[in-house]
1. Can you pull out the helices (runs of 4 or more DSSP H) entirely within the stretch A:260-379 that have at least 2 residues that are closer than 27 Å to A:Gly400 by Cα?
2. Do we have A:Pro224 as more than 25 Å from A:Phe170 (Cα to Cα) and either of a type in the set (S, T, N, Q) or buried (at least 18 other Cβ atoms within 10 Å of the Cβ) (or both) here?
3. What number of residues in the stretch B:216-250 are farther than 13 Å from B:Tyr202 by Cα and surrounded by 20 or more Cβ atoms within 10 Å (Cβ to Cβ)?
4. Among the numbered conditions (1) within 14 Å of another protein chain (Cβ to nearest Cβ); (2) under 24 Å from B:Glu447 (Cβ atoms), tell me where B:Arg386 comes up short.
5. Could you tell me whether any residue of the stretch A:164-182 is in a helix (DSSP H, G or I), buried (at least 24 other Cβ atoms within 10 Å of the Cβ) and touching a residue at least 24 places away in the same chain (Cβ under 8 Å)?
6. Can you find even one residue in the stretch B:72-86 that is modelled with pLDDT of 95 or more and within 30 Å of B:Asp271 (Cβ to Cβ)?
7. Here's a check for you: in the stretch B:365-397, which residue that is more than 23 Å from the chain's Cα centre (by Cα) and charged (D, E, K, R) is farthest from B:Ile301 (Cα to Cα)?
8. Any idea which residue in the stretch B:426-452 is farthest from B:His397 (Cα to Cα), counting only those that are more than 10 Å from chain A (Cβ to nearest Cβ) and in contact (Cβ under 8 Å) with a residue 40 or more places away in the chain?
Amino acid sequence: MSYIADLHIHSGFSRATSPEMTPEGIWRWAQIKGISVIGTGDFTHPGWFNEISERLEPAGNGLLCLKKEYLRQDIPQSCRSDVFFVLTGEISCIYSKDKKTRKVHCILIVPDMATAARINITLSRIGNLGSDGRPILGLDAKELLRITLDTSPDAMFIPAHIWTPHFSVFGAASGFDSLEGCFEELTPCISAVETGLSSDPPMNWRLSRLDSITLISNSDAHSPSKIGREANIFEGDISYKGIIEAIKTRRGLGGTIEFFPEEGKYHYDGHRACGVCLSPEETRAYNYICPVCNRHLTIGVMHRVIALADRDNGKKPEGAPGYRSIIPLPEVIAETLKANPNSKAVINSYYKLISALGPEFRILLDTPYADIKGVSNQLIAEAIKRMREGRVHISPGFDGEYGKIKIFEDTERDPLKGQMSLF
Amino acid sequence: MVITENQILHGLNEPQIQAVTHTEGPILVVAGPGTGKTLTITRRIAYILSKGVKPEGILAITFTNRAAREMRERTEAYTGQAGRYLFIGTFHAFGIDIIRHTSDRNYRIIGRDDQIEILKNLTGGTTRDALKALDAISRNKNILDGREMGYSDIFKRYETTLKDMDALDLDDLILKAVELLRDRERIGAYAGRFKYIMVDEYQDINPSQYMLIKHLSEFTTNICAVGDSDQAIYSFRGADVENFFNFKKDFCGSRTVVLRENYRSSKVIVDASQSLIRNNVKRIEKDIYAVAPKDDTPIKIIAAADEVAEASAIAREIGKRMGAMSHFQLMQAEESLDYRGGSYRFSDFAVLYRTNSQAGALRDALTEAGIPFRVVGNDKNNRALRDIEKRLAGYLHDGWGSLTLEKILEDAFVSAGEDVLGGLRKNLLLAYMGLPVAQALQKIIDELSLFSSSDAYDPTVDTVTLMTLHMSKGLEFRVVFIAGVEDSIIPYGGPGRDNNDIEEERRLFYVGITRAKEELCITYCHNRSSYGRQKQSMPSLFIKEIPRGYIEYIELPGKDKNRKKPRQQRLF
């Protein structure tokens with residue numbers, strides 16, 4: 001069997017997160033999305049750690065599950081399924097190396113509460129873990145890797161959203177040009193990286209030095225509805241060992257589910273406040289200076305990939321798993337209605353679809369068009385078809401602004417609607 | 001290890017060379033801030049060794065363990081193996097050494113925690129009462145005048161208790177050493193071995209330490225005192241800067257060398273500090289000048305409405321230099337960041353203040369901004385940890401009956417506020433509940449002992465440092481903030497304090513500003529709450545003593561602080 005896992009999210013104890021990010025809330029939304037294994041996020045936070053240690057229990061497969069007394073009923077019958085939790089956390093390492101400020105976000109995945117607790121004890125000697133679910137520590141990312149390795153051989157350390165400009169290992173503003181620059185002799189202990197929303201596997205395949213590294217994708221969700229906007233497909237029985245093995249060896253990793261990278265908020269270069277969005281070529285033509293405010297532009301992910309790439313095109317390396325690109329279902333619906341994704345009409349339509357057809361991932365990836373059309377309309381079925389075929393137009397995101405999706409030209413909607421009325 | 005004289009003197013300036021090579025007879029090295037004091041002392045040790053002196057013959061006394069450690073590390077580059085035979089340590093360490101080598105009694109040495117425990121029993125009061133009594137007793141011992149300071153009864157009972165225990169406290173270590181040194185017959189073999197003596201921070205020695213040096217000088221005249229009378233800040237502990245001024249009188253035929261070149265701070269900071277300290281009457285006049293290339297970065301003076309606004313302004317200034325801490329902050333910024341990253345790390349910043357009570361607002365603001373920090377000298381946390389450690393050791397030693405690890409930890413943590421130690425108990429429990437209790441307890445005790453004493457500044461931990469001006473002595477940071485530079489905070493107290501006090505406070509402020517390498521930012525509030533009440537506050541007179549030409553003055557907007565941009569003006 002294959003199942004979907006999202007290994008990087010945040011709890012309500014992180015900054016700027018939804019209060020619905022509780023164990024129950026996450027459990028509920030994982031089912032709505034169609035996710036079988038979800039990270040707890042934030043295991044370093046004392047408040048969250050306390051909560052998960054009380055509400056979760058070992059499931060017997062190295063993962064955790066929600067205790068019976070916390071199970072909720074408000075989930076459409078069509079979506080109900082088992083959800084397992086895996087202990088994860090993210091640390092923001094801010095330090096200086098070679099006379100440059102470095103800011104590197106790192107994901108930790110650990111096998112059990114005892115390992116999490118031991119890492120917490122070590123880290124609480126270094127900084128205040130209670131100030132944020134994703135704590136900032138003045139700790140070299142390499143030292144964090146060492147601490148992880150020293151604590152447990154079954155723990156995983158994964159550099160997070162590796163291309164994002166301000167907070168990642170390859171980030172243009174405060175990252176490195178290579179994994180070796182950051183992790184030095186411990187680099188061989190890095191077996192996977194998280195590609196982030198603004199890059200997809202083909203972009204990463206342009207770097208031969210990443211050929212042996214597993215590319216994984218997660219949502220980094222701060223609110224329940226964002227869970228699973230990127231995720232991983234694993235094969236085999238659900239277990240902690242299985243997941244870790246698959247990440248380490250790529251055997252048992254079926255592939256990743258990806259954002260269209262253009263939709264990510266750092267795909268292109270630019271200045272949000274100045275309304276300037278530029279392609280890498282344009283940025284070079286402007287000499288990296290914003291034509292509006294004359295200050296340095298924020299360099300996006302595409303630019304950075306090109307700068308570090310040693311191949312022109314992203315040909316799939318041998319042994320690399322494939323990927324599927326998606327647009328979150330609410331956005332697909334919103335595009336058909338020309339409405340805001342958070343609007344009532346979209347939400348109603350969303351619940352109608354999942355109640356009838358099952359979780360979001362199934363609808364986006366597998367449900368036959370006829371079935372979709374059967375419970376909604378031609379326009380939605382057509383939108384999902386185009387999404388699956390990659391026939392969408394997205395004006396790229398830049399400097400923190402999400403890209404804007406366009407599945408239909410305005411001239412297309414009406415004829416398609418017209419067709420609808422024919423049926 | 002053979003090192004030539006040339007190598008030892010390499011890179012030193014003229015006065016430094018004089019201080020290094022003048023080895024015979026007494027010498028006073030007046031070392032202004034950032035003038036390479038430690039460098040000079042370590043080279044001096046290397047120089048003396050290179051003349052064939054045995055390392056056992058050299059004694060270097062420092063003010064803190066940290067200074068001793070640094071000096072030892074830096075000396076080793078020149079001495080190699082021989083380094084370990086040098087005596088480099090604090091007065092206390094030296095006191096212990098004297099006692100161990102020359103007394104037949106086997107004293108138990110008690111630390112601050114034990115002292116507090118004893119005094120709590122004697123006074124029947126709280127830790128606070130005990131600390132107050134402890135300060136008075138310590139001061140009494142250091143100044144050697146036996147004056148009774150309102151604790152006479154407690155003092156006597158305390159002394160009796162120690163005597164019954166055959167124990168010495170830290171202050172006793174010096175007194176006992178002096179007592180032993182008086183017996184020349186007995187001590188000759190030990191003390192006679194030291195041919196070259198160096199004393200760091202000589203401006204801050206107290207009468208009992210002075211007596212110790214004086215007695216040692218009966219065995220050798222090669223006494224080198226190093227320090228800076230402008231940085232004497234410990235009179236409240238009984239230190240007496242007069243010892244520094246009296247060096248010439250005390251040690252016949254002495255020579256004085258003044259180190260003037262400041263290698264640490266920008267020219268603006270050095271010049272401003274000199275203008276300030278010249279307002280003191282009691283001092284050795286000297287011209288300190290900056291070696292650093294010219295840099296026009298002015299000293300920032302920020303005026304805020306209250307201590308909350310002041311603290312968030314400091315957090316903002318740190319944030320500006322570090323860049324955004326999170327995506328959330330980036331999204332909130334009104335304008336796009338000028339994006340090239342900088343070179344700072346959190347440990348490049350220090351926030352200094354006159355009294356510990358100022359730390360609260362600063363911690364809150366830094367926590368809010370997501371900036372990791374460490375409060376140096378916050379022994380509340382430290383005491384709690386040591387206390388827990390002790391209780392757990394008690395269980396390990398005496399047994400725990402049928403108690404579970406969970407119950408044992410609960411009991412041990414009872415005295416420690418859970419919030420202070422942030423979830424530590426839960427983590428310890430979950431980490432070790434799988435082990436047999438005895439093994440778990442041992443592991444937990446080991447873990448706890450790794451929490452570094454927060455008394456000490458730890459340069460390996462990369463955080464912003466919060467500490468009092470007193471604690472900052474001897475340290476340096478790229479960017480230094482001094483908060484609450486207001487009347488009655490610094491100089492401390494209200495009317496009735498005399499000129500000596502003001503001069504000492506000015507020295508303390510001088511120590512603070514000379515910690516800064518690149519940037520200095522001084523802040524004050526118009527209103528400050530004290531004991532729950534808002535009170536109007538005035539800028540310190542020390543601010544007016546900094547020439548305007550060095551200053552960029554920023555008045556933060558008042559109430560409506562979120563919207564308006566700060567008004568900036570440069571005053572000349």
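1. A:280-285, A:301-308, A:329-337, A:344-357, A:360-365
2. Here the answer is yes, as A:Pro224 does meet what is asked.
3. Count: 3.
4. So B:Arg386 meets the others, but not (1).
5. Within the stretch A:164-182, one or more residues are in a helix (DSSP H, G or I), buried (at least 24 other Cβ atoms within 10 Å of the Cβ) and touching a residue at least 24 places away in the same chain (Cβ under 8 Å).
6. No, because not a single residue in the stretch B:72-86 is modelled with pLDDT of 95 or more and within 30 Å of B:Asp271 (Cβ to Cβ).
7. Per the stated criteria, the residue is B:Arg391.
8. By that ranking, first place goes to B:Ser449.
The values are calculated or read from the model by the stated rules, or taken from the named source; none is laboratory data. All of these numbers come straight from a predicted model, not from anything done at the bench. With ideal geometry, Cβ positions are generated from the backbone for all residues, glycine too; neighbour counts draw on all protein chains shown.
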